[in-house]
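The values are calculated or read from the model by the stated rules, or taken from the named source; none is laboratory data. Note that this is a predicted model, so its numbers are computed, not measured. Only protein heavy atoms, including side chains, enter the accessible area calculation; ligands, DNA and RNA are left aside. Shrake-Rupley method; radii C 1.70, N 1.55, O 1.52, S 1.80 Å.
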Amino acid sequence: MTTRLGLNIDHVATVREARKASEPDPVQAAAIAELAGVHGITVHLRHDRRHISERDVELLQRTVKTRLNVEMAPTTEMLTVMRRLRPFMCTLVPETPEEITTTGGLDVRANVEAVRRALGELQGAGIRVSIFIDVDQEQISTAHELGCSMIEINTGPYADLTPADLDSAGPAAWEECERVKAAAAYAASLDMTVLAGHGLNYRNVAPVAGIAQIEELNIGHNIIARAVLVGLDTAVREMLVLLA
Ligand code: PXP
């Protein structure tokens, strides 16, 4: 079965912000990616607005023809913004000011009240909610108990263990892939929708795309990195072939 592709376009905005200019425009990137066949567009609205701005989310919300997924920390500020903008879905992620990128899943068990509140406010506004989560059954079952019906499994640790040539990957990489698989099967057994992402690239994506319960992969950096060299349309189409 084909795995859907959600393209994270944060780094289109990163290039724009490097010059505080108006180009490249994430809205144009989203349209090109949709024409190339992506199933959804993802952006992370960070507290420091280092790449994506509130205006970007507002424009994308009006122009994206597939599904707009906004990653956000479960903070009062972000809940207020999302209740106003009402994207198709939000993904709750942890966020620290000094991190270069999201460094792990949200610790749901340590943030029960914040997650409960975010689920209540976002779902109450008609927004679907996913939680970015590590391969940990207790975290997944807590998310489920709190009323979350969708998760994105963190594939970062798997990606960190995969070398440029997947054939030479050591046992640790395959063990981590098995953990992703077990977490996906567990979440699906709870009737949760299962997505996955982080650190995936053209070389390491196939084993994760082959996990039956994972419906969609969120991929950003590697596709945008390739797009700089071969163009966004080609970069998206090449990834879609690997997910088919
Ligand atoms: N999923 C989540 C929750 C993320 O925070 C990110 C990075 O913004 C991604 C997926 C995409 O990761 P990458 O850019 O490594 O493909």
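Some observations on this one:
- Solvent-accessible area of the chain (1.4 angstrom probe, protein heavy atoms only): carbon and sulfur portion equals 52 percent.
- Per principal axis, descending, Cα span of the chain in whole Å: 45, 43, 34
- Shape category assigned to region 153-244 from the gyration tensor of Cα positions, a/c cut at 1.5: oblate
- Prolate/oblate/rounded call for region 1-92, Cα gyration tensor, a/c under 1.5 rounded: oblate
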